[in-house]
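Before any comments, here is the structure.
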Amino acid sequence: MNNNIKQLRVERGLTQAQLAEKLKISRTSMINIENRTYSGIDKKILQRLCEFFNASPVKILGLQNLRDEPQTEEEIDWLIEELNKEKERWAKE
C-alpha cells in the first residue's frame, strides 16, 4: 500500500504543520499518518482529507489497484477496518 497523502500535500505546496492545521489535528498526528505509524486512521480524519484534496479514500490511501472504490459509508468503514487489521499484521512482522 502506498500512502498518497504526502504527495498530495506537497503538490499543494503545504507543510505537514499547515495541513495538520487545516485538518484540525496535531502535526505529530499528521507525521504519523504520512509515515503510516498511526494506530489506525480515524474515519473523520480520512473524510477531512478526502474533502480537502477532493479525492476518494482510495486515492488518499493509495489503493488504486482496488477494482471498485468504496461508495457508501459502510464500505468506507469496512475499508478503514481492513486497513487497521493490515497495520496490526505489519506490526507483528
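The values are calculated or read from the model by the stated rules, or taken from the named source; none is laboratory data. Being a predicted model, the structure only gives us computed values, none of them experimental. No Cβ is skipped: glycine too gets one built from the backbone with ideal geometry, and neighbour counts run over all protein chains shown. SASA here: full protein model, heavy atoms, side chains in, ligands and nucleic acids out. Shrake-Rupley method; radii C 1.70, N 1.55, O 1.52, S 1.80 Å.
Note on the stretch 1-32: among residues that are within 23 Å of Lys85 (Cβ to Cβ) and touching a Gly at 6+ places or on another chain (Cβ under 9 Å), the one that is modelled with the lowest pLDDT is Met1. Scanning the stretch 33-84 for residues that are basic (Lys, Arg) and either at pLDDT 80 or above or part of a helix (DSSP H, G or I) (or both) yields Lys43, Lys44, Arg48, Lys59. Applying the criterion of being in contact (Cβ under 8 Å) with a residue 12 or more places away in the chain and basic (Lys, Arg) to the residues of the stretch 17-32, the residue that is least open to solvent (accessible area, probe 1.4 Å) is Lys22.
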